Each structure stands twice: as structure tokens, then as C-alpha cells.
Amino acid sequence: MALKRISAKHAAIEAITAYIIKHQLKAGSPFPTERELCAECKVSRVIVREALQYFKTLGIVAAWPSRGATIKSLLPQAPYAGYLPFIRNHTQHIRWLGQFRYIVEAGMVPFAIERAGPAALRDLSKIARNMKHSKDPAALFELDKQFHSRLWTLCDNELLMSLEHLIIDFFYHCLVLHRHASYPAMIEATMCDEHMQIIKGIERKNEPALRKIIYDHYKDYFSHHNTRHSQKHKEAR
């Protein structure tokens with residue numbers, strides 16, 4: 001009986017997914033009622049409610065009593081949210097997170113060079129200057145988050161921004177917890193200077209040089225990174 005019920009739930013999830021795609025529902029679109037879904041999926045209301053919980057947990061559907069439900073988002077909002085306590089608990093995982101962040105931002109280089117207009121460069125420069133004069137470590141890390149978040153927006157990619165919670169917000173949370181024990185080479189003044197170098201790299205429109213700047217900015221987070229990779233970046237100067 002239990003296996004049959006699980007099978008019905010999965011069938012209902014697939015049917016609801018097909019319904020969303022077939023009717024081209026988007027964020028803000030009204031969602032069918034439980035009665036309509038029962039008829040569409042040919043299952044009981046209990047099964048429909050179990051299937052709906054799957055979509056609510058993913059953040060795809062939002063529902064309110066007496067107001068019905070709507071499509072909230074068809075892109076993940078914080079896909080790693082349930083894993084953050086486990087990532088935070090391991091120094092190696094945090095190092096991997098630093099590598100992940102470097103990989104993502106190195107991949108942003110051509111977009112940053114192509115799309116960073118005068119307004120974006122002014123925004124980045126203002127944040128970097130404020131970092132230079134910040135004496136409060138907490139305020140400094142908040143400005144650092146703002147800088148990289150603004151850098152990410154140059155890609156104009158909503159799927160990429162779904163990783164912001166992990167690679168920007170959570171990354172800094174881990175950095176504050178572990179920086180003295182795991183990353184003694186990370187000095188606040190150096191962080192500020194490196195941000196100004198990133199801006200200059202964008203202005204010069206030199207992709208290899210900008211990737212090298214970004215690599216240097218993150219190398220303290222992954223000391224065991226392949227040395228040949230470091231040498232390759234040195235040759236790109």
C-alpha cells in the first residue's frame with residue numbers, strides 16, 4: 001500500500017509539472033485549485049496535497065488560505081539551502097566553496113568587460129572606496145558582499161543569481177567564522193586593493209589579466225589548488 005501511494009504521488013508531481021509547462025505558467029500566474037488538479041491528475045485530494053508540498057518546498061508554488069495559489073518562481077531561489085550546515089562544518093567544503101566562487105567569477109570576466117558601463121563602474125568604485133575607509137570588519141564584509149553582488153548583476157542571469165545565497169552570502173558567513181583559523185593570509189587592506197584592481201582590469205578590457213587578478217583575490221581560499229593553474233595565470237600577464 002505504501003509503495004502504491006508513493007507511486008501515485010510521483011505520478012501527480014509529473015502531471016502537475018506537465019500542466020505548468022503545457023499552459024506556459026510563469027511567475028505570478030494563478031495556479032489551479034486542488035479540485036482542478038484532482039481531475040487533471042486523476043488522484044485523490046490527499047495525493048494532490050502531497051504533490052503540491054513538493055512544489056512549495058522548491059519555492060515554485062506559493063499558497064495562502066482563502067486566496068488560492070500562484071506560481072512563485074520557476075527558477076531555484078536557494079538551491080543549496082538545506083546543505084549549508086554541512087558545508088559550514090567542514091574546512092575542506094569551505095575551501096571547495098572558495099574554488100567554486102573563483103570558477104564562477106573567472107567565467108564572468110567576458111561579461112563584465114562587455115557590459116560594465118560607466119554607471120556600473122561608478123557603483124563598483126564607490127563600494128571599493130568605502131571599503132578602503134571602513135574600520136569595522138563587519139561593515140567591510142558587508143561592502144565586499146555588495147561589490148561582488150553588483151559584479152554578478154552584469155551577467156543579467158537569473159539562474160546565476162540563484163547561487164548568490166550560497167556563493168556570496170553564505171561564503172562570507174563562513175569566512176567570518178574561519179578566517180583567523182583557516183585563512184590567516186586574508187588581510188582586510190589587501191581585500192580593498194584587490195577590488196580596485198578588479199575594476200582596473202575591467203576598464204582595461206584584458207581578459208587574461210583580469211582572470212589573474214581574480215585568481216590572486218581567491219588563492220588564499222584554496223591553497224591546495226593546482227600549482228600549474230597558478231603558473232598558467234602568471235604566463236598570461
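Excluding residues on the same chain fewer than 8 positions from Lys9, give the aspartates and glutamates whose Cα lies under 20 Å from its Cα.
Glu34, Glu36, Glu40, Glu50
Using a basic spin-label model with each label point 7 Å from the Cα along Cα→Cβ, how many nm lie between Ala18 and Asn157?
A separation of 3.3 nm, rounded to one decimal place.
How do Phe100, Phe171 stack up against each other in accessible area, from largest to smallest, with a 1.4 angstrom probe?
In descending accessible area the options line up as Phe100, Phe171.
Please tell me which of these pairs span more than 27 angstrom C-alpha to C-alpha: Lys126/Lys205; Lys135/Lys205; Lys126/Lys212; Lys145/Lys219; Lys26/Lys145; Lys26/Lys126? Provide the component values of the computation, followed by the final result.
Details: Lys126/Lys205 20 Å; Lys135/Lys205 32 Å; Lys126/Lys212 23 Å; Lys145/Lys219 18 Å; Lys26/Lys145 30 Å; Lys26/Lys126 36 Å.
Long pairs (Cα-Cα over 27 Å): Lys135/Lys205; Lys26/Lys145; Lys26/Lys126.
How much of the accessible area of region 30-106, probe 1.4 Å, is carbon plus sulfur, in whole percent?
Result for region 30-106: 57 percent of the exposed heavy-atom area is carbon or sulfur.
Given a Förster distance of 30 Å, report the FRET efficiency between Glu142 and Lys56 from their Cβ-Cβ distance, rounded to the nearest 0.05.
Values: r = 31 Å, r/R0 = 1.04.
The value I calculate is 0.45.
Could you pull the accessible area for Arg115 with a 1.4 Å probe, rounded to 10 Å²?
Roughly 100 Å² of Arg115 is accessible to a 1.4 Å probe.
Rounded to the nearest 0.05, what FRET efficiency do Lys219 and Lys126 give with R0 = 25 Å and r taken as the Cβ-Cβ distance? Could you check?
Computed FRET efficiency for Lys219 and Lys126 comes out at 0.40.
Could you give me D for region 1-160, from Stokes-Einstein at 37 °C and 0.692 mPa s, where the hydrodynamic radius is the Kirkwood radius over C-alpha pairs? Units µm² s⁻¹, please. Kindly include the intermediate steps, with their values, before the conclusion.
Numbers: Rh = 19.5 Å.
Approximately 168 µm²/s, per Stokes-Einstein.
The values are calculated or read from the model by the stated rules, or taken from the named source; none is laboratory data. Predicted, not measured: the structure shown is a model, and the values here were computed from it. Cβ coordinates were reconstructed from backbone atoms using ideal geometry, including for glycine residues, and neighbour counts include every protein chain displayed. For accessibility, only protein heavy atoms count, side chains too; no ligands or nucleic acids. Shrake-Rupley method; radii C 1.70, N 1.55, O 1.52, S 1.80 Å.
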